[in-house]
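This report concerns only the one structure given below.
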Amino acid sequence: MATTTLEPRAGSYHRSWVLDWLTTVDHKKIGILYIVNSFLFFFAAGFLALLIRSELAVPGMQFLDQNTYNQAFTMHGTIMIFLFVVPVLAGFGNYIVPLQLGAPDMAFPRINALSFWLLPLGGLLIFSGYLFGGAAAEGWTGYAPLTSDRFAPGVGTDLWIIGLALVGTASIMGAINFIATIFKMRAPGMTLMRMPIFVWTILVTATLILLATPVLTAGLIALFIDRNYGGSFFDPAVGGNPILWQHIFWFFGHPEVYIVILPAMGVVSEILPVFSRKPLFGYKAFVFATVAIGLLSFSVWAHHMFTTGAVFLPFFSFMTALIAIPTGIKMFNWLGTLWRGKLILATPMLFSLGFLSMFLIGGISGVMLASPPIDFHVQDTYFVVAHLHYVFFGGSVFGVFAAAYYWFPKMTGRKLNEPLGKIHFWIHFIGFNLAFFPMHQLGLSGMPRRIGDYSPDAGWTILNMVSTVGAFMIAVSIIPFLINVVATLINGEPAGDNPWEGNTLEWATTSPPPPHNFDRLPPIHSERPLFFLTQGHGHAVERPEDLVEEEIVDEKPGDIERRPKDLV
Amino acid sequence: MQPTAPRNRLRKMLRVGIPVLLTVLLAGCLLPPDPKTEAGRDVFNLYLVVLALAAIVFIGVEGFILYAVFRYRRKPGDDVLPEQLHGNNKVEVVWTLIPTVIVLVLFVVSIMTLNEVEARSENPGVTIEVQGFQWSWNFVYEDGPTIGPRGNEPPELAVPVGEPVRLILTSDNVIHAFYVPQFLLKRDMVPVNENGTPNDIEFVVSEAGTYAGQCAEFCGTDHAGMVFTVNAMPRADYDAYIAAIEDGETPPTGGGDCETTIDISANNTRFDIDEFEVPADTAFCIAFENLEDVPHNVAILSGSEALFEGSFLNEAGSIIYEVPALPAGDYTFVCQAHIQAMAGTVTVTE
Amino acid sequence: MSARTMQAHPSGEHEAAAAVAHGQSGMPMALVGMLLFIASEVMFFGGLFATYFNARAGFAGTWGPPEGGHIDLPLAAVLTAILVASSFTMQFGVWAIRRGDTGKLKLWTGITLGLGILFLAGQLYDYTELGFGLSDGVFSTVFYTLTGFHGAHVFGGAIGLTVVLARALRGQFSRQNHVAVEAVSMYWHFVDVVWIALFLIIYFLR
Ligand code: HEM
Ligand SMILES: [Cu+2]
């Protein structure tokens, strides 16, 4: 058992801890702020999801009127994407990337703090529409000309625009920070091809954010000008073009989808090897596939616009088919990692396996949607709602929970309770499939998305009911998770430095790490620098602590190649 | 090795049971509605191909995950590391090729079907401008009437079966989308500026009947209420329908409005019923379904005089006949192509 | 799973961390940050230019300012000359400080700032003369949005120049230590390049 301190608060003189958190520039505290903030928004948007599902459980309008319903799904989608999934993964990135790089902090700590604090501000602005006559209600995609001042006169839409622009700016600053950190602050010996795969996915993600988000900002500004200063970008009545908005939105929006999924893939690619006790199968192919996805993601945006009649279908269909190839490679690499491993089915592993099996379904339905004739049938139906939740929820959010269980010990020094974690996983997994699998069939039989009511004769009632039950199961599954977090913080099992026998650098320091992260760094000869230290030559031996200690040598840039590679 | 025996059995059960269950699940549902247009049939067939590919990938990968979970699970106390396999170039080439082949096949068949869906005839049977507005529809017939919402009733788009119908999709407000699930087709109705051309679609309805349609692009507050029906009927009925509207009469209403509907089907040159009863002096409907590719219809005779003659279904299909009110009495109903073999009695009661 | 840990050293051995922090070779961090920021700005203007091309491609009638308005090509040419010149003066300042010549740095930065302000003044004057407003059709909208956002970036650059000038006057830069000068000059060149693209596309090629 570790004898390290659990609380890093050694030096807290009389400064209040509140002020401390509000003014911190430590990447670890900022990371935790990101995560906590994101989960608060997750609960808010989840509450809206329950409202939506309650309304749809049976035909007829019961709880909401049409307008409230429209606001609910708009806020649900916007908040889930921009204030939950993206920032929560950025939060884990913030905490973990410098540690995995062996760096003392991010490149620009103060900008890091600023880009965090813009988030709650932007999120609250988006939500504040509710206080001023109604939140935005045009869907998270905000298609023109429905968002023009003619059709959406309320100030809620302006607040949505401003909030999104703020959140976008925050994530651009965060992206600059990540890229600079990764390029400039790697520990001696850590070449690009020795970076943990999570860092690679964050690097590609940050690049996508850097290049895609400014385009959305430009679009939001154009929309704001249209609404408030009589501009005519998107309004056909005065010579504009509503399809232009869709091009701009999806030029950003499709990379955004990968912004949301790539870090989750990175998380899973960290966890699967550790809990299979093998290296990631095909590290190089995996890096290559990640970069390929990043590049291709800029050439597929119009597959969201097949039914507009305004895009060249074969090209975008082909590019979309292409992007499935690197994704398929990744899937096979994950399976190869499991193959002949020794699987330890702890909660992080369960959520990672959940990720594999659910993301697969989202991927398959995605490839189906790449076929224009099929898309003509299911576009804008519940089939798409099913698809996007299998990717965002079954993919990213399962990844988020995997990351939470995996890195919680590092962040707090305590390990989440395993039985409670397993209860959480199973209710979550079953509820998720109950909620979203039936939506495939609803969409195929023609139920459009974004409707608060449907005809009792349409034959959609039973499946909608099932879906609502599933949604409530998901909500219930969060209860054991919260209990687990609170109980563990109060009185959890101490984790030690490396409870999972992880092989990346974050496990080479105390849990939680000291403010400067590392006292000493081990030598780095592969993407698993700790493997040699913890596992010896091919089998787990009980090593006396002091032997381990001996291995931790101070490395200078010059002696990277001092140790022959084949030891590792 | 005692404790492994039941485990093995469980494993075997799962190994067989789960793929079977999933296949049933995938094949039993997850289908679009039975298509009612010719191109819709092509899309449906394409969908079947794609679904089959999807099912193979799904079962393969999920199966492997399950297999791995059971087969490679670490035994308690097993501290020996597995072989530290870093990769294998040959395998990686193979599994780059697998998805490549799958998506290329998918791409090629998709484009072939796309050409069918996007085909345009030189002279469509009818051309109708569909105007979307917040939150209903106007159907503007070329050289003909305009049909809009009728009170609280959703508007009805009347089209002839068996010939190409061209729809010009316009909007002068927000974007809507024309969607009829049973046609497996939708297209956005984009407001364009002076320089733009509106979208159009074309289809051949293969079967008479009424089909629900709905706006599929979110268009504001009452988007959910923006519904319509398509009423597809034989050319003669269609002409009468349009003529009635031009004369300012209410057109013959669709089957949905009948107080009494009699279901009759035909198969093996037989009706499934040989008698039915309806109230006197009230119009009623016959929902007729032809189950074989042999021409049948339903006619109502008084002696040898036909009081009602339904149009023929020349192949399998269904139609709703609207039968005018009959005085009380006994009549016969027949298929006029098979008067001997297909006949029954109609009792009209006070 | 047994917790196998490596004991952290109890007291102040921060060499490793320090080595990381100091081991930065190559481009200074601030310049990396600035380059990345400029990359995002390129995409931002890319988005705005895309709206311009889209509007132009879908426009019925002759593309240009609405009835009764005009755009002033000669004035725009003069403004272009001013901004391009300021790029040169900026670079002279950078070269000066690379040699350690702080006096020249102050001089050239001052001139650059002056040219920048002249450009902004010229643009504002231009706006009052054109005879059409932002809400007068598609051309007007994209024209004012593009030039306006470029102007805002020039303004931002001018603030950066002011800071550099102030710090130069206080003697805060030296041959070894002048990252801020390099960063602001990068940004200034970028803004200049955007203007050249704008000028070519909106005024020249139309
Ligand atoms: C608690 C679990 C969740 C439930 C029950 C749920 C349910 C739903 C439903 C029923 C819709 C369709 C609303 C409509 O079209 O009328 C929807 C839309 C959406 N959801 Fe979720 N959702 C959940 C979690 C998530 C998560 C985690 C994400 C993302 C990361 C997400 C992202 C979206 C998006 C982007 C939309 C589209 C909104 C729009 O149409 O503008 N949802 N959700
Ligand atoms: Cu609509």
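One table, with the values for the structure above:
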{"item": "Gyration tensor (alpha-carbon) shape descriptor, the stretch B:200-333, a/c threshold 1.5", "result": "prolate"}
{"item": "FRET efficiency, residue C:179 to residue C:56 (Cβ-Cβ, R0 56 Å, nearest 0.05)", "result": "0.85"}
{"item": "Percent of alpha-carbon pairs separated by more than 17 Å within the stretch B:38-108", "result": "66 percent"}
{"item": "Residue-averaged [θ]222 nm for chain A, counting only DSSP H segments that reach four residues, each worth -39500 (n - 2.57)", "result": "-21000 deg cm²/dmol"}
{"item": "3J(HN,Hα) from dihedral phi, the stretch A:301-309, Karplus parametrisation 6.51/-1.76/1.60, rounded to Hz, x for glycine, proline", "result": "4, 6, 6, 7, 10, 4, 7, 6, x"}
{"item": "Amide H contacts under 5 Å for residue B:177, placed H, 5+ residues apart", "result": "B:189, B:216, B:217"}
{"item": "Global form of the protein assembly as shown, assessed from the alpha-carbon gyration tensor, a/c cut-off 1.5", "result": "oblate"}
{"item": "Radius, Kirkwood style, for the stretch A:22-495 when every pair of distinct Cα atoms is counted (Å)", "result": "22.7 Å"}
{"item": "Stokes-Einstein translational diffusion, the stretch A:179-263 - Kirkwood Rh over all Cα pairs, 1.002 mPa s, 20 °C, in µm²/s", "result": "143 µm²/s"}
{"item": "Computed label-point distance, nm, for sites residue B:306 and residue A:192 using a 7 Å Cα→Cβ extension", "result": "8.0 nm"}
{"item": "With 10 Å bins from 0: P(r) over the stretch B:123-247, alpha-carbon pairs, percent", "result": "13, 48, 32, 6"}
{"item": "Cα centroid separation - the stretch A:365-406 against the stretch A:420-455, whole Å", "result": "11 Å"}
{"item": "Mean ellipticity per residue at 222 nm, deg cm²/dmol - from DSSP H runs of n ≥ 4 across chain C, formula -39500 (n - 2.57)", "result": "-24500 deg cm²/dmol"}
{"item": "Net length gained if the chain between residue B:247 and residue B:112 were fully extended (0.36 nm per residue, minus Cα distance)", "result": "44.2 nm"}
{"item": "Under 19 Å from residue B:36, Cα to Cα: lysines that are on another chain or at least 8 residues apart", "result": "B:186"}
{"item": "Burial ranking of peptide ranges A:135-142, B:83-90, B:336-343, C:53-60 (average Cβ count within 10 Å, highest at the top)", "result": "A:135-142, C:53-60, B:336-343, B:83-90"}
{"item": "Per-pair calculated FRET efficiency, R0 = 35 Å: residue B:29 and residue B:84 via Cβ, rounded to 0.05", "result": "0.20"}
{"item": "Gain in span if fully extended, residue B:235 to residue B:59, counting 0.36 nm per residue against the direct Cα distance", "result": "58.6 nm"}
{"item": "Sites residue C:75 and residue A:124, calculated FRET efficiency, Cβ-Cβ separation with R0 41 Å, nearest 0.05", "result": "0.40"}
{"item": "For residue A:493, residues with placed amide H under 5 Å, excluding near neighbours", "result": "A:415"}
{"item": "Length-normalised contact order for chain A - Cα pairs under 8 Å, 6+ apart - percent", "result": "17 percent"}
{"item": "Proximal charge balance of residue B:264 [Cβ under 9 Å; K/R count +1, D/E count -1]", "result": "-3"}
{"item": "Cα pair distances in the stretch C:52-206, grouped into 10 Å bins until the bin that holds the longest one, percent each", "result": "11, 38, 26, 16, 8, 2"}
{"item": "Relative packing of A:35-44, A:169-178, which averages over residues the other C-beta atoms within 10 Å, highest first", "result": "A:169-178, A:35-44"}
{"item": "Highest-fluctuation residue, B:81, B:157, B:66 considered, GNM on chain B with Cα pairs under 10 Å", "result": "B:81"}
{"item": "Mean-position separation - Cα centroids, the stretch A:279-322 and the stretch C:70-139, in angstrom", "result": "42 Å"}
{"item": "Those lysines that a straight Cα-Cα span of less than 25 Å connects to residue A:184, excepting residues fewer than 8 apart in one chain", "result": "A:28, A:29, A:284, A:410, A:556, A:565"}
{"item": "0 to 90° range, to nearest 10: angle between helix A:313-338 axis and chain A longest Cα axis", "result": "30 degrees"}
{"item": "222 nm mean residue ellipticity, helices alone, for chain B (DSSP H n ≥ 4; -39,500 (n - 2.57); rounded to 500)", "result": "-10000 deg cm²/dmol"}
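Just so you know, all these numbers are worked out from the coordinates, no wet-lab data involved. Just so you know, these numbers come straight off a predicted model, no measurement behind them. Heads up, the Cβs are rebuilt from the backbone with ideal geometry, glycines too, and the neighbour counts pull from every protein chain shown.
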